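> One structure coming up, written as structure tokens, with questions to follow.
Bear in mind that the values in this text are calculations on the coordinates, not laboratory data. The structure displayed is predicted, hence computed values, not measured ones. As a convention, Cβ positions derive from the backbone with ideal geometry for all residues, glycine included, and neighbour counts pool all protein chains shown.
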Amino acid sequence: MVILGIETSCDETAAAVVRDGKDILSGVIASQVPVHSPYGGVVPELASRKHLEYIIPIIEKALDDSSVSRHDLDAIAVTQGPGLVGALLVGLSAAKAMAYALRKPLIPVNHLHGHIQAAFLSEDMPQEPFVCLVVSGGHTALYRVDADGSSQLLGATRDDAAGEAFDKVAKILGIGYPGGVAIERLAAGANPRAIYFPRSRFEKDSLEFSFSGLKTAAANFIRAHGAPASGAVGTFSLEDFAASFQEAVVDVLVEKSIRAAKQCGLAGIAAVGGVAANGRLRDRLAQEAAAENLRLYLPPVRFCTDNAVMIAAAAYRTWQRSGPRPEMLELDAFSR
Ligand code: KG4
Ligand code: ZN
């Protein structure tokens, strides 16, 4: 079954053609990073306009690269939400128009299910049930993923997502966007124990997260020590500051992922979403999962950040379970 996937929930315009949920025939992404960089974050109105500009060429490129004719597609899959509504509507409208014109089924995909599905693009095929850490700019949560394709929420952030904390601190530091990428780059080779930032842990067995205290602590530290214009925050180098902040985020993500697996008696952990592209998080998860005798599933970095391959893959799973639904051209986007 060959599915065209379309993803426009945030600042990446993406399309992909995937056979049977696994065989990637093409995957194209137009990044809007240069558009939003000057603002230190995604500007929703600009994102919608850029999606409009990119959507048709990106879909055409994905089809060309795959050498599959649009007439030979079995279905068209699209992210329905959550995300920026104006951005989602561009992908959704394009998908609806194609589905209608080509008389193909339309499969709506929840963006989070898409991220979770990326776990199945890891080198090692995950064995369900497993724990999935979904960690992105909009979400930080732990799920139990079962063989019937269902996922059960085990715990989520009470406030900011981890990626949001990376983005906000990077913005205050003025080091670029996306913040996680900028902080990881600075942190490479620096001292993660130079500054101690608070870790929110809650009760002993809690699987919830909180990153707003850490974000505020980092912001206050910067304010108290003066602007980081000279490549330093007070007496600390920008590199050590970045490494210490990153370590505080990673510590909590790793600790709770391992805890979730142990509490639920599951043998495997997957990490997906933009922050799962972080090298320090990947290394620490690998170390600690090995120490606890847990299997670790990490998708390639390109399938951690937003992409359309994961959307086509998730749609294939949905189709396998429940087949086509007739009312799909009535679909609307949802933000939350
Ligand atoms: O999954 P994603 O592309 O979009 C959302 O669904 O949110 O995730 C974007 C988030 C941003 O907050 C970005 O700063 C973060 O993922 N991110 C990273 C890295 N690459 C992207 N965070 C830490 N380290 C990275 N290498
Ligand atoms: Zn995402």
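> Which value, in debye to the nearest 20, gives the size of the charge dipole of the stretch 125-298 about its Cα centre, when Lys and Arg are +1 and Asp and Glu are -1 at the Cβ?
300 debye
> Helix 162-173: angle to the longest alpha-carbon principal axis of the chain, degrees 0 to 90, nearest 10?
Helix 162-173 sits roughly 60 degrees off the main axis of the chain.
> Report, to the nearest 10°, how far helix 309-322 tilts away from the longest principal axis of the Cα atoms in the chain, using its own Cα long axis and a range of 0 to 90°.
60 degrees
> Among bridges DSSP assigns within the stretch 1-140, what percent are antiparallel (round to 5)?
Values: 15 of 24 bridges.
So the antiparallel bridges amount to about 60 percent of the total.
> Still on this structure, I have one more. So if I restrict to the alpha-carbon atoms in the chain, what is the Rg, and what is Dmax, the biggest pairwise distance, in Å?
20.1, 64
> Among CYS264, CYS132, CYS304, which comes first, second and so on when ranked by fewest other beta-carbon atoms within 10 Å?
CYS264, CYS304, CYS132
> If each of LEU46 and PHE334 carries a label point 7 Å out from its Cα toward its Cβ, how far apart are those two points in nm?
3.0 nm
> Continuing with the same structure: Can you pull out the trypsin sites (Lys or Arg not before Pro) in the stretch 51-110 whose DSSP state is coil and whose Cβ has at most 14 other Cβ atoms within 10 Å?
In loop regions of the stretch 51-110 (DSSP not H, G, I, E or B), the sparsely surrounded trypsin sites (Lys or Arg not before Pro) are ARG103.
> For the stretch 125-298, build the convex hull from the C-alpha positions and give me its volume per residue in Å³. List each step's numbers first, then the result.
On the way: hull volume 18.3 nm³, N = 174.
Taking the convex hull of the Cα positions in the stretch 125-298, it is 105 Å³ per residue.
> Quick one: dipole size for the chain, taken about the Cα centre, charges +1 on Lys/Arg Cβ and -1 on Asp/Glu Cβ, in debye to the nearest 20.
360 debye
> Something else now. Can you tell which of ASN220, LEU266, VAL252 lies farthest toward the positive end of the dipole of the chain, using +1 and -1 charges on the Cβ of basic and acidic side chains (Lys, Arg; Asp, Glu)?
Checking the options against the dipole of the chain, the answer is ASN220.
> Give me the number: length gained by fully extending ARG325 to ALA188, i.e. 0.36 nm times residue separation minus the C-alpha to C-alpha distance, one decimal in nm.
My answer for the length gained is 44.5 nm.
> Once R0 is set to 25 Å, what does the formula 1/(1 + (r/R0)^6) return for the Cβ-Cβ distance between VAL33 and ASP146, expressed as a FRET efficiency to the nearest 0.05?
Details: r = 36 Å, r/R0 = 1.43.
In this case the efficiency is close to 0.10.
> Angle, helix 44-66 long axis vs. longest principal axis of the chain, Cα atoms, 0 to 90°, nearest 10?
Its long axis makes an angle of about 60 degrees.
> Using a Cα-Cα cut-off of under 28 Å, which lysines could be cross-linked to LYS96, ignoring same-chain neighbours fewer than 8 residues away?
LYS22, LYS50, LYS61, LYS104
> Within straight cross-link reach of LYS256, meaning Cα distance under 25 Å, which lysines are found once same-chain residues fewer than 8 apart are removed?
LYS168, LYS204, LYS215
> I need to check one value: relative contact order of the chain, counting alpha carbon pairs closer than 8 Å and at least 6 residues apart, in percent.
24 percent
> Pulled fully out, how much extra length does the chain show between HIS225 and GLN287, if you take 0.36 nm times their separation in residues and subtract their Cα-Cα distance?
Net length gain for the segment: 18.9 nm.
> Put +1 on the Cβ of every Lys and Arg and -1 on every Asp and Glu Cβ in the stretch 29-78; which of HIS71, GLN32, VAL42 then has its Cα farthest towards the positive end of the dipole?
Positive-most Cα among the choices belongs to VAL42.
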